[in-house]
Amino acid sequence: MALQTLLLNASRNGSGVGKIFVDFSIDGPVYISTEHLVAVSVVLGLITVLTLLGNAFVIAAILLTKKLRKASNYLIMSLAVSDLMIACFVMPISAVNEVFFSAEHGMANIQHP
């Protein structure tokens, strides 16, 4: 038996629906609700979207305002561009990994009973 076995705990009589049963075999079973997974997904999604918007506004402000076109602001813009790339390529993959494949939240090996 693997160290963590994940089972969807949805019985026929309706008790336990919406909970994910996680058996770590050492600490005993842990129940993680679907609402918790949704909340984590929404929070990580909001952080990603706000990061995208904030850095896009910084880049747009520097490019569109002549007073802001100085060497120091170009350094800030380069940081905003790198943050924007992180928000586009790294954060979505990390969010999916955190929600679906994390041992703590665990949905990696769901088996339907």
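The values are calculated or read from the model by the stated rules, or taken from the named source; none is laboratory data. None of the values given here were measured: they were computed from a predicted structure. Cβ: placed from backbone, ideal geometry, glycine included. Neighbour counts: every protein chain shown.
Here are the numbers for this structure:
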| quantity | calculated |
| --- | --- |
| Long-range neighbours under 6 Å by Cβ, at least six apart or interchain, first residue surrounded by 14 or more Cβ atoms within 10 Å (Cβ to Cβ) within region 36-56, second of a type in the set (Gly, Ala, Ser) and in a helix (DSSP H, G or I) | Leu44/Ala95; Thr48/Ala87; Thr51/Ala87; Leu52/Ala87; Asn55/Ala80 |
| Test: residue in region 90-100 that is exposed (fewer than 13 other Cβ atoms within 10 Å of the Cβ), assigned to a helix (DSSP H, G or I) and modelled with pLDDT of 95 or more | no |
| Among (1) touching a residue at least 12 places away in the same chain (Cβ under 8 Å); (2) aliphatic (A, V, I, L, M); (3) farther than 30 Å from Glu98 by Cβ - the single one Ala71 does not satisfy | (1) |
| Any hit, region 68-80, residues being out of contact with any helix residue (DSSP H, G or I) (no Cβ under 9 Å at 6 or more places or on another chain), under 30 Å from Glu35 (Cβ atoms), in a helix (DSSP H, G or I) and not acidic (Asp, Glu) | no |
